[in-house]
Every structure is written in C-alpha cells, then in structure tokens.
Amino acid sequence: MNAETKKLRVATTSLAGCFGCHISFLDIDERLLDLVQLVEFDRSPLTDIKTCGPCDIGIIEGGLCNAENVHVLREFRANCKILIALGACAVNGGLPAQRNHLSLSAILEEVYHAQHGLVDGFIPNDPELPLPLDKVHPIHEVVKVDYFIPGCPPSADAIWKVLTDLLAGKEPELGHGLIHYD
Amino acid sequence: MNKDVTFALSSAGVGESVARGQLDRGGVAMNNKPATFTLDGKTIPFSAGQTLIQAAMAAGVYIPHLCYNPEFKPHGSCKLCTVKADGRHTSSCTHQAQDGMVVESDTKEINDERRALLQMLFVEGNHFCPSCEKSGNCQLQATAYEIGMMSPHFDHFFPDRPLDASHPDYLLDFNRCILCSLCVRASRDVDGKNVFALSGRGIKSHLIVNAKSGRLADTGFSGEDKAAHVCPVGVILKKRVGFAVPIGSRSFDEQPISATPHPGPAAATLPPHPQGACPVGPRSNAATLPPHPTVKDV
Amino acid sequence: MGVESPARQKKRFSRFATIESLLMASPTDTHAEYLDPILSRHQHNANDLLQILIAAQDHYGYIHSDAIDHLSEQLKLPRSKIEGVSGFYSFLHLQANGEYRVLFSDNITDRMLGNMDLMQSMCSQLWVEPGKVSEDGLLSINTTSCTGLCDQGPALLVNNIAINRLTRERVNAIAELIRERVPVSAWPAMFFAIEDNIRRKDILLDSHLKPGSALAALLQRGTHETLHEIRTSALRGRGGAGFSTGLKWEFCRDAPGEQHYVVCNADEGEPGTFKDRVLLNGYADMVFEGMTLCARIVGASKGFLYLRGEYRYLLEHLQAVLQHRRQQKLLGSNILGHADFNFDIEIHLGAGAYICGEESALIESLEGKRGTPRNRPPFPVTHGYLNQPTVVNNVETFASASLIALHGGAWYAAIGTDTSHGTKILSVSGDCERPGLYEYPFGVTVAQVLADCGAQDTQAVQVSGASGVCIAADEFERHIAFDDIPTAGAFMVFDQSRDMFEVARNFVHFFAHESCGFCTPCRVGTSLLSNMMDKLAEGHGSPYDFAEIEKLNALLQSTSHCGLGHSACNPVLDTIAKFRPAYDKRLAQKDFVPAFDLDHALSQARQMTGRDDTGAHLERSHE
Ligand SMILES: Cc1cc2nc3c(=O)[nH]c(=O)nc-3n(C[C@H](O)[C@H](O)[C@H](O)COP(=O)(O)O)c2cc1C
Ligand code: SF4
Ligand code: SF4
Ligand code: SF4
Ligand code: FES
C-alpha cells in the first residue's frame, strides 16, 4: 500500500462562525504542505466542493443559528467518521449565542422594524433564506461530536496537534498553552 | 508556596482561626514530630487542625479548587477539591488531615469527576471567554485548562441573567457567577458590609446585592472593598480597564494554575492600562510556542 | 372588558379595588403596625427570622419590600440576608402571589390519583396558568412537593392549609369559592378533615401512654439509669439514618457547652411519608414527653419542634398540647415539682424546603438562615443550634423513647429482630385498598405488608421515599429492618399498570426542585438529570443518553455535599436495574438526537415571517 491510497479525506465548513477558525487553520503555514501529503480535502471553503461526500474527518467551525446550519451539520455527521468541533462557536455557541437571552421575535422586531432609519421595514420571508433558530446552539447539542478544539480561534498549533495526533492514531491531547477558550 | 497559607493568619475576624492558628510558615506542626499523610504517594506533613488542602498547598502540591481561598473560612461548595481520603470521596478544603491518611487527588477517576463538575459550571451560566475581561486571569477557565476540559459536554442552560452596570466603577456580570460565595464572605467577614448574598434555591440560586433597588450603585460597595477583589471568575469587574493586558499574556497564559501561587486577590487587581481600553484586542494564543506564533485580529 | 355587563363590571371593579388597596398599602408605618407585634413576640431575635417572615407574610400573602426595610432596621440584619432567606423557601414570596395561593401536591401518588387533570381543570375554570398569578391578582395555582397526604390524595394546600381527597366536584367547589372570594376560614370544614387512617397498631400506636407517666418513670429510675435503658433498648433513629439514639444522647450530654438543645425533626418531607403527621395529631404528648426525657438526660432547658410548613394546620393543636402540658407541670419550670427540671418547647415552622429535614440544614433554618447543610464534622451533638450541643431526633424516635422510659429497654429490645429492635411505623400509600399507617415489629416482610393493606397485582414498592429503594416482586420476601430494607417509613405501592420510569422521573423532578443549590454536582446535576429523564420521556432518548444518566448518577453519589445529592439518583439506578424494559421502551432512537425540538425552535421565525414551506421546518432526527 502506498501513501496515496491511505490519504484521509477531510471536509471542513463554517456554520455560524466568522471564518476565523479557518484562517487559523491556514496558519499552520508550511505544515499545510505536510498535511496535504496525508489528507485530501472534500467539501471545504478551501476546495469549493459544495456537498460533503464520505470522509474520514469533518471539521466544523461555528455553532447553529439557522435551519441551513442544521442541514449542513447533519450532512457532515452522516458522512464523516470523525467529527471535530473547531473553535469557541462550535464548542459553546460563542459570540452568536450571546443573543440567547433575548427572544428571537424581539430581535427580529428590533432589527427589521424598530431600528432607527428603517421605513416600512419587513422581515425577509423568501423561502430561499434559512430561518433562524430561536437560540444559537453549539453543535454537540444537535449531533454527536467526537473531538473539540476550543479557542477563538484555536491556534494553528492546536489544530495541527489534534490533526497529527488523529493521523497517528492517538487520542488528541492539548497541553498548557494549546488549550485556550479565548 | 509557603507564603500562600500564611496570610490566613493575618486575616483577623475571619473564622476558623483556631484551625489555622497552629500553622507556621512551613506548614509544619509545632509539636515535636510532624504528623503526615500521603497525597498521591507523596508524604505531606501537617499540623493539628489543618485541612488537606492547606497542608497540600503548604507542601507545594496543587489540588484544584474554586470556592476555597486561604484567606477565608472554607465553604466546601464547588467540590473541585474533591479527593479520595482513605478510599472515600471528600472535599479537601474542609476535611481535616489525619495522621497516616492515604489521599488520592491527581488520578484519572478524580480528574474525570472534576472535569464533569467544571462542565456543569460552564453550562449553568453563560461563559463566553473571548468576550470576558477575566479571560486569562480566571480560575474557572484556568482550572478547566488544567483538567483538560475540551468542551462543555452537557446541554447549556443559557440562563437569562441581566448585568448590573449601575455602579460608577464596577460592573456585575452575573452570567459568570459560580456561586462560590467568596464575595459574600469577603463583604460580610472582612468589609463588614454584607453587600452580597445568595438567594434562590437549587438551580435558581443566584447572587443578590444589598439594596432595595437591587442595584450595586445603591449598596455600600466600593472598589476598596475586599469583596471587589476576590471573585475567581469574571463577575465583579472594574470598569474601564478592558484588555489592559492583552489576552494571551495574562496570568494563566504565562503559567498553568497548578504552578501559580494562590491566584485569588492578585489576579483580580490588574493595573489600569495607560492607553485605555482596547475592545477587540490583538492577541497571541500561542505564547508558549515560539516556532509558530499566531498573532491575529479576530 | 367592554362587553361585560354592568353588574359583572362592578364585581370586577370591587375586586380590583381591594387588591389594589392591598398592593398599594406601603408606607413604612403601616408595616410597623403588623410587624411590631410579630417582632416583639420574637423578642426582636434575629435567629427567629424565618418565623418572623412566615408571620409577616400572612398580612399580604407576600413579604412586601417596605416590610423588609422595617425588619432590617428592627432586627439589625442586612436586607440582602432577609431577601436571601426569603428566596430560599418555596412558601415565602417577595412578590404578590395572589390572595389565594393554591398548591397541588405533586407526589407520584397524587399523580396516580389524577392530580394533574384536576389542576388543569381548576386552572381553566379560573383562567390562570400554572405557576402564574392571575391577571387580577386574585390567585395563583402551582404544584408543590409531596404534602404528606398520600393516603388521602390528591391533596392541595390553599394558603398553606391542607385539603385532602380532591375530586372533580371538590375542585369545582373550590374554584367557585375562590371566584366568590370567600375567605378560606369560611370554607366547608369537611374540606380540611384530615384523617389519621391508622390501620395496624402495635406497641406505640396502641400504647395509650398517660401524659407524664414516662417522665415519672424517669424521675423514679434516675437520669443516668434511663439513658442506660435507652441504650439497652438499642433504639435507632427513625428518621432514616438509623443512628443509635442512646449514643447520640450520651454524646450530647458529654459535649461541653453553655446550653444544650433538643430538637424534634418534624420536617417529614420524604415523598410518601406521613406517619409523623399522624403521631403529631394523635400522639403529640408522647412526642413531647420523649423530648422532655431527652432534655433531662442531656441537660437541655430548651427544645424546638421543627414542623414542616405543609403541616401548619397542626400548629394550633400542638400549641394547645404544649399549653396543657405546662399546666400539668410536664413542661416549663419545676417539671413534676423538681426544682432543677426546667424545659420548654417552641414550635418553629418550615416553609417548603425538603432539605430542612437534613439535621444540619434544619438547624440553620432554626437559626433563621437559608437551609444549607453544614460541613460535617462537627456534628450537631457537639455543635448544633447556636453552635451548642444539640440532639436532633425524628418524631417517632422521641415517641418510642417515651415507651422505653416507661417499660424499660429490655422489654423494647425483645421486640423485632436480632439487629432491629422495636417497631416501625410505615406510611402505606399507592395502589392498595387500605392506605394509611401500619405499625409492625421490625422484620415484617414486604409481602406481609402488601397483604395487609390489600395490594393486588403489585409490580413494585418504593420503600423509604424518593431517596429510598425500589423493591421488585422477586424481593417481596425481604424484611423491613436496618440490615435488610431500612426505612424512614414510606411504603408506596405500584401495581402492574404503573410505569416505573414515570415513577423515577417524578422523583428526579422532586430532587431537582428541592436541591438546596449549595454544591455544584447536586445543584446542576439534578437539573441535568431531570432534563435527561424528560428527554427520554418524550421519546428522544438513545443509548447515548442512557450512558450519560449513568455517569451523572456516579458523579452525584461521589461528590455531593449531603444526602440529598447522594440519593437523588437512587430512583433511577434502582428502576434501571429492576425495570429495564421501562427504559428500553424510551430509547426509541438508535443514535443521538437533540434534547430540544428543532422544528419548534423555528416556530418563532415562522410566525414572524409567515412562512410554512418545507424549508421552514426541521425534523428532530436526521432520517
Ligand atoms: C435530604 C435529607 C432529608 C431528611 N429529612 C428528614 C426528615 O424529614 N425527617 C427526619 O426525621 N429526618 C430526616 N433526615 C435525617 C436527619 O438528617 C437526621 O438524621 C434525623 O433527623 C435524625 O433523627 P433520628 O436519629 O431520630 O432518625 C433527612 C436527611 C436528609 C439527608
Ligand atoms: S468567567 Fe472565566 S470561564 Fe467564564 S467567561 Fe470569563 S474567562 Fe471564561
Ligand atoms: S460573584 Fe464571584 S465571588 Fe461572588 S459568588 Fe459569584 S463567582 Fe463567587
Ligand atoms: S447535595 Fe444538594 S441538597 Fe445537599 S448540599 Fe449539595 S446542593 Fe444542597
Ligand atoms: S474548593 Fe473545596 S469545595 Fe470548593
């Protein structure tokens, strides 16, 4: 068996996140070259593939703020053997979840009707648009998640460590300096 | 570490002085032959009346804890300091040491339990570390790093806990309160003010302040109070010092909590930054990793 | 209101006027008017804060914010403390909570008798949602933990007074009385006719002990000798923990202190337990006599009976018994003519907190604090009420001590088994023909009790309440005894038609509601557990959730601060072990599904956008 056939397939996506975690991922810099020796990318902002096929590892940035997020997350869960929550928003909802103490109706009302300068504001109702959930949830509350890399964003080193541990068939572990929630 | 236990002696008016009065600087008993117990195999001397955690701290051994602060009467509520003494679970901050006791602390079983307790504290409140001024100086967070908590695991309660920004100099963000009662004890026992109290019951337990309006501004609270400087998490925060020290270079970014002398009061009194607040600051989350420093704007 | 008839409007208006005048009455001096007599009755003693608050609340049905000003000033207590204490107890309110406060008892036995339907019916008749105050401020309806009327349920409390045997007719009548604003004191007496339902008497319930006779025996035999008799009897506590009573008294006697105290634990909060209620109603003299004996032995001059708020209707009766005993020189100074024998008993009320049955929490509560269990050691026998040596015993323990003082330790020890001496009173309820009190010598089998109470087709018995053990049919030959099935007295019977998962779920809700919130594992863990059981109940459970429940169980048992947290998982553990199919049925999902309803989580957005297309919905689980 040569290295080619053993390449692991990895998919990534950003749900209710800011792409910061993806940028941090790219920050593994030249190690990305080592990484592509070992993995190939499926659906990901890095490849522009739009649907996720069967994968070894799925990496999710961001929590769930709307119906679309739920669909994508489920697609990942269904197709990926290992699912990783990447970054604070995927892990605990992060910044978007700070709206959770407000009712969604109040938020929509405020944004589309009450805001200063809005004339005849209306709440978009195009069926193309995903509906927002009443609360933002971290992904483990909706599907089973195998690993978590906390941080806002997690450092490139933390991401690298988890991926290389997994590739080496080890339980990933982050020591001091690599575990961060901020 | 020795100095950590000694300021217990100086805090007059705080209970349990009998228990602590028998300590000397080294945590060694004053009577002839020090009594000892073993902690994860290591021999720990103690003097009469000392609790397990006091003796362990005096000997430089870290036992995770949140509601314990050597300056105050132990509370025994967070249960992070749980150990097994002679095979039985107990809180090391309230359990008195006994000669010959065999104590386990840093084991997989106990750390798994501590991790679950931490996860409970995280999901019970609203902890969004990236936007918390306490991040990097927070004992809850640092203890979670220490125990290797990668996720909150449980479903979040997402409680609704409004802020109290009424006071000119201090802010109360109840979202992060872990009900350790340190502020209650400090205000009552040291400041003599009773600014803080616990109310409610069970999962509805919450912190209240001593004012008919329910607002901090209408209490006798002042920034000089002991109570202003004991919160292990980011509830009682001084205003206008935001991000004076950048995230990534704070106490527990530099050093894990297990290697930090007792962090309570010191970590809470950060000097105000001359340049003022930096709302979304530059940060380094890889301070200890020289080869690939990532400094990124969020 | 525009379409109301003038007459109805007038009625509404008059109702409003009264309520408003109630709500508006706030200047401090008007509060002083009703608070000052309460304060002087309690000698402005801050240790009596809880008692003062309970009495103060009677005025408006809640504790007015201005009243707290006055109390704070008079008792020299910070406002934060008064609010903190009020916030702890379910029966105290800091906000208006209705002139009529209706609380449906929500033990599993009440559920089995249809309490939920009855509550719904009352709610809809009176246009109020459970847990909320009606718009006109007239009433509120909610549930409360077991009220100790399981043998005559379903039950409710109205303004803290118990009503039993609810039927649809009774509920309709109550709704009408409330609607007509008839004062509770004028409601039909039969509503409040609480029965004793004593079904089997043994040495205790059949003793006909003459008031004073046990004290006379004590004085004749001698204090030291009487303690010896108690030791000889091998009497063990009847409140659950089963500690040797003689030893406890001895420890307390020997503990140094300025004062010693005797406390009778009548908190009886364990779901399914109601024997103390009957003892206090029919055998109060025996209980008080036991306390007095204890006082003589340990050297106490003051005692307390801590009576759970749910039994407030017993207060007058108990006060009368105390008064009678004082007149008979069985209480007060110079008891039975002995100049050095002085002892009196004060009754303290609880206010809806199961945890206050735990002895150290009870003492905190007696001291007017939040009922948080203390760190132990030190134990109450050395550091109890006001840090003085204190005996805390159960009602039945004190009553039994009276018997022993009269008849001797050997007589008592000869009854029961080799390891469990004397008798035990069981509170039998649930699926049986004759619920009520059954007193047996220790050693009786579960099967015998079931036969005596007329239980048929029994699936399980929950012995010793929510924190006790669940006994399955193959264990019915086991014995009620300290070394087999120990019990504080509850004996709830479930026949084959009952769903044991629902039984456990009810108990888990109970613990979550009653957790004092002091320690992390129990405060958060009982709520997590209760959410998980709800998730299973709704059919969204998977083996994942099951494993989670088992992990939580272990954590609560090992790290909780007190017995409540330790036993909060017992009902789940037991029913999982013995009634696994009841759970398997719930594990409908092969894989993890969320605890919340995703489609419902879109409902607000649907409503705001007016959308209902397929994209506006989500399946709970991914097919
Ligand atoms: C959560 C909890 C609730 C309790 N409730 C009661 C109670 O309602 N009545 C009671 O007598 N004992 C109760 N106990 C036991 C008391 O702590 C104490 O052991 C008992 O009152 C001692 O009296 P005894 O030795 O006569 O049984 C409870 C214990 C716990 C942990
Ligand atoms: S209090 Fe600590 S754990 Fe909570 S948000 Fe702030 S830094 Fe994070
Ligand atoms: S505010 Fe801080 S110190 Fe006070 S109880 Fe909460 S976590 Fe503890
Ligand atoms: S176990 Fe529960 S009831 Fe007991 S102290 Fe802890 S929170 Fe309170
Ligand atoms: S540190 Fe001991 S219980 Fe909190």
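The values are calculated or read from the model by the stated rules, or taken from the named source; none is laboratory data. Just so it is clear, the model here is predicted, and its values are computed rather than measured. Reconstructed Cβ throughout: ideal geometry from the backbone, glycine too, with neighbour counts over all protein chains shown. Remember, those area values only see protein heavy atoms, side chains included, never the ligands or the DNA or RNA. Shrake-Rupley method; radii C 1.70, N 1.55, O 1.52, S 1.80 Å.
What the table below lists for this structure:
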read-out	value
Residue among C:Leu552, C:Leu536, C:Leu528, C:Leu618 that is in contact with a helix residue (DSSP H, G or I) (Cβ under 7 Å, 6 or more places away or on another chain), in a loop (DSSP other than H, G, I, E, B) and not acidic (Asp, Glu)	C:Leu618
Long-range neighbours under 6 Å by Cβ, at least six apart or interchain, first residue within 16 Å of ligand 2 (Cβ to nearest atom) and among the acidic types (Asp, Glu) within the range A:158-182, second open to solvent by 10 Å² or more (accessible area, probe 1.4 Å) and at pLDDT below 90	A:Asp182/B:Ile247
Selection count, the range B:115-128, where residues are open to solvent by 10 Å² or more (accessible area, probe 1.4 Å), more than 11 Å from ligand 2 (Cβ to nearest atom) and among the hydrophobic types (A, V, I, L, M, F, W, C)	1
Residue list for the range C:49-78, filter: under 20 Å from C:Leu315 (Cβ atoms) and touching a strand residue (DSSP E or B) at 6+ places or on another chain (Cβ under 8 Å)	C:Leu50, C:Gln51, C:Ile54, C:Gly61
Verdict on B:Leu52 being open to solvent by less than 10 Å² (accessible area, probe 1.4 Å), within 16 Å of ligand 2 (Cβ to nearest atom), within 19 Å of the chain's Cα centre (by Cα) and not acidic (Asp, Glu)	no
Sole exception among (1) assigned to a helix (DSSP H, G or I); (2) open to solvent by 10 Å² or more (accessible area, probe 1.4 Å); (3) not hydroxyl-bearing (Ser, Thr, Tyr) for C:Leu280, by number	(2)
Residue satisfying all of: in the range C:90-111; free of Cβ contacts under 8 Å to residues at least 60 places away in the same chain and open to solvent by 10 Å² or more (accessible area, probe 1.4 Å); nearest to C:Leu349 (Cα to Cα) among these	C:His93
Where C:Ala547 falls short, out of the listed (1) in a helix (DSSP H, G or I); (2) within 11 Å of chain B (Cβ to nearest Cβ); (3) open to solvent by 10 Å² or more (accessible area, probe 1.4 Å)	(2)
Scope the range C:43-90; condition away from every other protein chain (no Cβ under 11 Å), touching a helix residue (DSSP H, G or I) at 6+ places or on another chain (Cβ under 6 Å) and of a type in the set (S, T, N, Q); matching residues	C:Gln74
Test: residue in the range A:82-94 that is more than 13 Å from chain B (Cβ to nearest Cβ) and open to solvent by 20 Å² or more (accessible area, probe 1.4 Å)	yes
Residue in the range B:129-151 that is more than 16 Å from ligand 5 (Cβ to nearest atom), facing chain C (nearest Cβ under 10 Å) and open to solvent by 20 Å² or more (accessible area, probe 1.4 Å) present	no
Answer residue from the range C:360-398, given it is in a helix (DSSP H, G or I) and over 29 Å from C:Asn281 (Cβ atoms) and is farthest from ligand 5 (Cβ to nearest atom) among those	C:Leu386
Lone unmet requirement of (1) surrounded by 14 or more Cβ atoms within 10 Å (Cβ to Cβ); (2) modelled with pLDDT under 95; (3) closer than 19 Å to A:Ala156 by Cα for A:Ser105	(3)
Filter pass, C:Phe596 being outside any helix (DSSP H, G or I), within 13 Å of chain B (Cβ to nearest Cβ) and either open to solvent by 10 Å² or more (accessible area, probe 1.4 Å) or farther than 25 Å from A:Val72 by Cβ (or both)	yes
Some residue of the range B:163-186 being within 11 Å of chain C (Cβ to nearest Cβ), surrounded by fewer than 17 Cβ atoms within 10 Å (Cβ to Cβ) and away from ligand 1 (no atom under 16 Å from the Cβ)	no
Long-range neighbours under 8 Å by Cβ, at least six apart or interchain, first residue closer than 27 Å to C:Asp591 by Cβ and at the interface with another protein chain (Cβ under 7 Å from one of its Cβ atoms) within the range C:609-621, second open to solvent by less than 60 Å² (accessible area, probe 1.4 Å) and not hydrophobic (A, V, I, L, M, F, W, C)	C:Gly615/A:Pro130; C:Ala616/C:Arg606; C:Ala616/C:Thr609; C:Leu618/C:Asp599
So A:Ala67, is it open to solvent by less than 20 Å² (accessible area, probe 1.4 Å), in contact with a Lys or Arg (Cβ under 6 Å, 6 or more places away or on another chain) and either more than 14 Å from chain C (Cβ to nearest Cβ) or touching a residue at least 12 places away in the same chain (Cβ under 8 Å) (or both)	no
Single residue of C:Glu289, C:Glu310, C:Glu316 found to be crowded, with 24+ Cβ neighbours inside 10 Å, farther than 30 Å from C:Asp254 by Cα and at pLDDT 95 or above	C:Glu310
Residues of the range C:413-453 classified as basic (Lys, Arg) and in a strand (DSSP E or B), total	1
Residue in the range C:433-451 that is under 25 Å from C:Thr575 (Cα atoms) and among the charged types (D, E, K, R) present	yes
Every residue from the range C:112-122 that is more than 26 Å from C:Cys470 (Cβ to Cβ), in contact (Cβ under 8 Å) with a residue 12 or more places away in the chain and among the polar types (S, T, N, Q)	C:Ser121
Qualifying positions in the range C:219-275 - more than 10 Å from ligand 1 (Cβ to nearest atom), in a loop (DSSP other than H, G, I, E, B) and charged (D, E, K, R)	C:Glu258
Unique residue being facing another protein chain (nearest Cβ under 7 Å), under 26 Å from A:Cys55 (Cα atoms), open to solvent by less than 30 Å² (accessible area, probe 1.4 Å) and among the β-branched types (Val, Ile, Thr) when the list is A:Val162, A:Val142	A:Val142
Subset of the range B:55-90 that is at positive phi and more than 16 Å from ligand 4 (Cβ to nearest atom) - its residue that is surrounded by the most Cβ atoms within 10 Å (Cβ to Cβ)	B:Gly60
In the range C:555-574, the residues that are crowded, with 24+ Cβ neighbours inside 10 Å, among the hydroxyl-bearing types (Ser, Thr, Tyr) and part of a helix (DSSP H, G or I)	C:Thr559
Members of the range A:44-60 that are under 14 Å from A:Phe19 (Cα atoms) and open to solvent by less than 10 Å² (accessible area, probe 1.4 Å)	A:Ser44, A:Ile59, A:Ile60
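This table checks each residue for (1) β-branched (Val, Ile, Thr); (2) facing another protein chain (nearest Cβ under 10 Å); (3) buried (at least 21 other Cβ atoms within 10 Å of the Cβ); (4) more than 22 Å from the chain's Cα centre (by Cα).
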residue	(1), (2), (3), (4)
A:Pro127	no, yes, no, yes
A:Lys135	no, yes, yes, no
A:Pro138	no, yes, yes, no
A:Pro150	no, yes, yes, no
A:Leu166	no, no, no, no
A:Leu174	no, yes, yes, no
